[in-house]
Number of protein chains: 2
Amino acid sequence: MSLTISCSLLKQLTSDIFIRAGVPTADAAAMAEVLTVTDMRGIHSHGVVRSARYIDCIRAGGIRPDAEIAVETSGPAFLQVSAAGGLGIPAAVKSVNRLIELGRRQPLALVTVNHSDHFGAAGYYTMLCAEAGLIGFAMSNTCPLMAPTGGAKAAIGNNPFAWAAPAGRYRAALFDICMSTVACGKVEIAAAEHKTIPPGWLLDRNGVPTQDPDEYAKGGIMTPFGAHKGYGLAVMVEMLSGALAGAAMLSGVHSWNTRPGSDSGTGHCFITINPEFFGGLEAFVCRMEAMIAELLAVPAAPGGDRVRYPGEIEFERERHAAETGIALPEASLSELRRAAAMTGLEPAFQAMVGGSV
Amino acid sequence: MSLTISCSLLKQLTSDIFIRAGVPTADAAAMAEVLTVTDMRGIHSHGVVRSARYIDCIRAGGIRPDAEIAVETSGPAFLQVSAAGGLGIPAAVKSVNRLIELGRRQPLALVTVNHSDHFGAAGYYTMLCAEAGLIGFAMSNTCPLMAPTGGAKAAIGNNPFAWAAPAGRYRAALFDICMSTVACGKVEIAAAEHKTIPPGWLLDRNGVPTQDPDEYAKGGIMTPFGAHKGYGLAVMVEMLSGALAGAAMLSGVHSWNTRPGSDSGTGHCFITINPEFFGGLEAFVCRMEAMIAELLAVPAAPGGDRVRYPGEIEFERERHAAETGIALPEASLSELRRAAAMTGLEPAFQAMVGGSV
């Protein structure tokens, strides 16, 4: 069962919840904006379903709700930032806004973040870059979730990676993946909805393949997508978000699920490339439009849907949600209710749900 | 059948072949170095097996053997280069050497190359960066070879992407993939060796799955790995190597196989990140060593090989080849013989093969 909720009401409630949890107003607004837009784009595994878990970590002392980012090193084209044990989302939003200032004046710019936590959907940050006329990349390490190729232990994160670029009449191209065969959020949603999962998604704690999503919470191990290819891309993200950022790496990154009381040590890395230096933004956007138009004109495979450009589905959902509201799945509603209850806002939650369209 | 050939003899013959084909001495040495090292690393699909094909394109007028790269735009942290319709390998070697000069002084640096051709194995160039103490990325678009997700036409290249980074006692981490389920060179080698290929590698010209590698030359279509994930990564490479580089894109990139007489219009993009700006190279290398040590200590999956770090297998093969020679597969020997015959060097080829160890 899902309910369709107004985007502005959802954003308001989410913001109020984080303010009540001790998060400064501007940071709470960033939390609400990122989680709501992510749900609008249909990525429910990284939307408000996470709200209660962030508050669990705040309550357990693993996330400092009022932490302020600190710049450790900087130059005209780069920053190394510490999130100081705070929430990953506002730290990432502030770091990327600083990156965009650098990226407007430099052909390339890079910001790393350490002592951070779960930053939500990587693609959100790359869209901030694309909307500023820049090519953007975003990535983060995570606690160990995947078995490296040939291994029988969760030893590396599923390490999300996203890119986006301005694309004129197509808005942007946007691509956001994690390195496991599927996002673990999808396994958690299947568990909450008591559904089995397809073969190949998960190994149990002993490395044996399973279709039971409940095995994930019992120490189950995600598999890298494309075998060694997903593994090698995960190591790339670990290198940039962990080794380069001075963040924790591999087993040093703590799970916000199993250890809500520790600084997770998560690291992020964000990069921009400015097309103004490479023939100009206008010419670049024209070329992106031409590329996308050519991809959209490819004939559909027999029996399949037509070809889409990266991000097309997310943008369609976002437009639709802005017009008609967000169809929130049960797991999202349930976790948002829990967050509201923890912060004394259950009446506001009930009012929002009662007024659902 | 394979023959084991001395690395230095193979390099000498390959260089002589390209000199006889009209390639300037230094560029011929670059061709020989890149192709031989690639064979030493066991990537036979991108080694001397390609030598005769490069000469086919020179003979047909599609590659100018004596082209010199020209800088179109530049700044302290970037270059846009034209390969002027010449061989991709020497253009890429020269561009990456220029990039490394920039990358030593900048936190990030980027070089694009347009009007180029097939540049061999992407990983070679990232290793030049890693050996200079830099994190390196290399990528190239190719002629359309893959169906975008949901499509029934080869509309985008399999767009290779590689990264490498210095890793102290482990030499480096090195990762080099293409976005198709397998490299098309592997399909071509299977065709030359009259073997069938596993399901999932190839669609025939009508979009129907096939296990016959001969279908590739008849218009067969590669599939992206990991479905939409491989597709989106291919679009990323097309964006940086095509749209940003001012190179041809998608159907504008011509196949050196089917149209050896045209400028293929291929584009490349190379990026460096300098760890000196992010806490220092020494600290970065320590962290890479710690990460790799932790990955190598992961217990092996039941019945499987142990966990490897990215590049470990290639480095082992390279060391082994340096000591004992390269075991060249039949397809490589046959194409090298053809290249030697085209350039009047068949006696030198026979002498090399006769002296094989």
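The values are calculated or read from the model by the stated rules, or taken from the named source; none is laboratory data. Here the structure is a predicted model, which means the values were calculated and not measured. All Cβ positions, glycine included, derive from the backbone under ideal geometry; neighbour counts span all protein chains shown. Please note that ligands, DNA and RNA were not included when accessible areas were found on the heavy atoms of the full protein model with its side chains. Shrake-Rupley method; radii C 1.70, N 1.55, O 1.52, S 1.80 Å.
Which net charge results when you count Lys and Arg as +1 and Asp and Glu as -1 among the other residues whose beta-carbon is under 13 Å from that of A:Gly267? Net charge in that neighbourhood comes out at -3. Springs between alpha-carbon pairs under 10 angstrom, Gaussian network model over chain B: which of B:Val111, B:Val235, B:Val208 fluctuates most? Evaluated over chain B, the most mobile residue of the options is B:Val208. For the range B:112-214, the calculated P(r), taken from all Cα-Cα distances in 5 Å bins from zero up to the bin holding the longest distance, is 3, 12, 18, 18, 16, 14, 10, 7, 3, 0 percent.
Inter-chain neighbour count for A:102-109: the average number of beta-carbon atoms from partner chains within 10 Å of each residue's beta-carbon is 4. Charges were assigned to the Cβ only: +1 to each Lys and Arg, -1 to each Asp and Glu. The resulting dipole of the protein assembly as shown about its Cα centre is roughly 20 debye. Under 22 Å of direct C-alpha separation, and excluding same-chain neighbours fewer than eight residues apart, A:Lys195 reaches these lysines: A:Lys186, A:Lys218. Where both bridge residues fall in chain A, DSSP classifies roughly 85% of the beta bridges as antiparallel.
Distances between copies at B:Gly22, taken between label points 7 Å from Cα along the C-beta direction, are 7.5 nm in increasing order.
Ranked from shortest, the separations from the 7 Å Cα-to-Cβ label point of B:Glu131 to its equivalents in the other copies are 4.6 nm. Of A:Ser255, A:Ser8, the order by accessible heavy-atom surface (1.4 Å probe, DNA, RNA and ligands excluded), from most exposed downward, is A:Ser8, A:Ser255.
Would the range A:4-112 count as rounded, prolate or oblate if I go by the C-alpha gyration tensor, calling it rounded below 1.5 in a/c and otherwise prolate when a/b exceeds b/c, oblate otherwise? Here the range A:4-112 falls in the oblate category. Summing Lys and Arg as +1 and Asp and Glu as -1 over all other residues whose Cβ lies under 15 Å from the Cβ of B:His46 gives a net charge of -3.
Summing both sides, the accessible surface hidden between A and B at a 1.4 Å probe radius is close to 5600 Å². Here the calculated FRET efficiency for B:Thr4 and B:Arg319, from their Cβ-Cβ distance with R0 = 22 Å, stands at 0.90, rounded to the nearest 0.05. Relative contact order of the range A:268-356: 11 percent, from C-alpha pairs under 8 Å at least 6 residues apart in sequence.
Taking the Cα atoms of the range A:161-244, the ratio Rg/Rh between the radius of gyration and the Kirkwood radius comes to 1.08. Would you mind classifying chain A by shape? Square roots of the alpha carbon gyration tensor eigenvalues, ordered a ≥ b ≥ c; an a/c under 1.5 is rounded, otherwise it is prolate if a/b is larger than b/c and oblate if not. Because its axes are fairly even, with a/c under 1.5, chain A counts as rounded. With coordinates expressed along the principal axes, the C-alpha atoms belonging to the range B:256-329 extend over 51, 41, 29 Å, beginning with the largest. For the range A:172-216, the fraction of alpha-carbon pairs lying more than 16 Å apart is 39 percent, rounded to a whole number. Within the same chain, aspartates and glutamates fewer than 8 places from A:Lys11 are excluded, and of the rest, those with a Cα less than 16 Å from its Cα are A:Asp27, A:Glu33, A:Asp39, A:Glu318, A:Glu323, A:Glu335, A:Glu346.
For chain B, averaging the sequence separation of C-alpha pairs within contact (under 8 Å, six or more residues apart) and dividing by the residue count gives a relative contact order of 25 percent. Take the solvent-accessible surface of the protein heavy atoms, probe 1.4 Å, and return the percent of it on the range A:122-247 that carbon and sulfur atoms account for. Whole-percent figure for carbon plus sulfur exposure: 57. Here the ratio of the Cα radius of gyration of the range B:236-287 to 2.2 N^0.38 Å is 1.78. According to the calculation over all Cα-Cα pairs in the protein assembly as shown, the P(r) per 20 Å bin from zero is 18, 52, 26, 4, 0 %. Note on chain A: GNM, Cα springs under 10 Å; of A:Thr266, A:Thr324, A:Thr210, the largest mean-square fluctuation is that of A:Thr324. With the gyration tensor restricted to C-alpha atoms of the range B:15-78, the semi-axes of the equivalent ellipsoid amount to 23, 18, 11 Å, longest first. Between copies, the label points of B:Glu282, set 7 Å from Cα on the Cα→Cβ line, lie 5.1 nm apart, reported in increasing order to one decimal in nanometres. In order along the range A:289-294, the phi-based Karplus estimate (6.51 cos²θ - 1.76 cosθ + 1.60, θ = phi - 60°) of 3J(HN,Hα) comes to 4, 5, 5, 5, 4, 5 Hz; Gly and Pro are listed as x.
Dipole magnitude for chain B: computed about the Cα centre from +1 point charges on Lys and Arg Cβ and -1 point charges on Asp and Glu Cβ, it is near 240 debye.
Summed over the residues of the protein assembly as shown and divided among them, the accessible surface reaches 34 Å² per residue at a probe radius of 1.4 Å. Partner aspartates and glutamates whose Cα lies under 18 Å from the Cα of B:Lys229, excluding those fewer than 8 positions away in the same chain, are identified as A:Asp176, A:Asp305, A:Glu312, A:Glu314, B:Asp176, B:Glu238. Build a GNM of chain A with springs between Cα atoms under 10 Å apart, and of A:Arg50, A:Arg317, A:Arg169 the one that fluctuates most is A:Arg169. Each residue was assigned an accessible area with a 1.4 Å probe, and for B:Arg105 the value is about 150 Å².
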